[in-house]
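Every read-out reported here was derived from the displayed coordinates using simple, explicitly stated rules and does not represent laboratory data. Because the structure is a prediction, the values reported are computed rather than measured. As a convention, Cβ positions derive from the backbone with ideal geometry for all residues, glycine included, and neighbour counts pool all protein chains shown.
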């Protein structure tokens, strides 16, 4: 396969991943599927790891990868295609942008999973009255090993599963995006060295 065609496949793969990340980040603004005050939303949601890092920033490399495809892959045979070699080389820079964006999302998601969600907890007031507060009841990922601690979150209903599921999806999507962008770095180097069709570099008959 030509390096430009392979880059197009990578670009096509990155777009749905970016869309999923954007949707997950938006859903996190509604903990447990409920509408709450912005002060009661987990702080890592506002870092926009999925919306900005693996979403908006990932669109740029995806579009660049898509544009590297040439319909006549072996049309480069018999002449020196400096423009296309430079395009493949420049795609490495956009792949680096994608790695940075996805890496940011991975860090934010990992911290959010370890830190746990902000939720409603019950405190005894004046020895007789229960008071509900919004706070972070977990520390250092302790709730991940002991689900009995989940009882400390009394609301919104299902917020821990909501928090873990969406941030886990963001984490996995970010890792996949990093892998795809890293593959394009190698593909871009090969395309810059050999031209779009490495199989044509040594021949003039147009065979791949």
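Each part gets one Cα centre, and for segment 88-120 versus segment 26-47 those centres are 19 Å apart. May I ask you to list the residues of segment 129-146 whose amide nitrogen lies under 14 Å from a point 7 Å from Cα along the Cα→beta-carbon direction of residue 43? Only 135-140 pass the distance filter. Fully extending the segment from residue 34 to residue 56 would add 5.4 nm, taking 0.36 nm per residue of separation and subtracting the current Cα-Cα distance. Ordered by the number of other Cβ atoms lying within 10 Å of each residue's own Cβ, fewest first, 88, 58 fall into the sequence 88, 58. For residue 148 and residue 63, a Förster radius of 45 Å and the Cβ-Cβ distance give a FRET efficiency of 0.40, rounded to the nearest 0.05. Between residue 129 and residue 27, the modelled labels are 3.9 nm apart [label points 7 Å from Cα along Cα→Cβ].
Mind sorting 86, 60, 6 by how few other Cβ atoms lie within 10 Å of their own Cβ, fewest first? If you can, show how the numbers build up before the last one.
On the way: 86 11, 60 14, 6 19.
Final ranking by Cβ density, sparse to dense: 86, 60, 6.
Distance between the pseudo-spin-label points of residue 179 and residue 111 (7 Å out from Cα toward the beta carbon): 2.5 nm.
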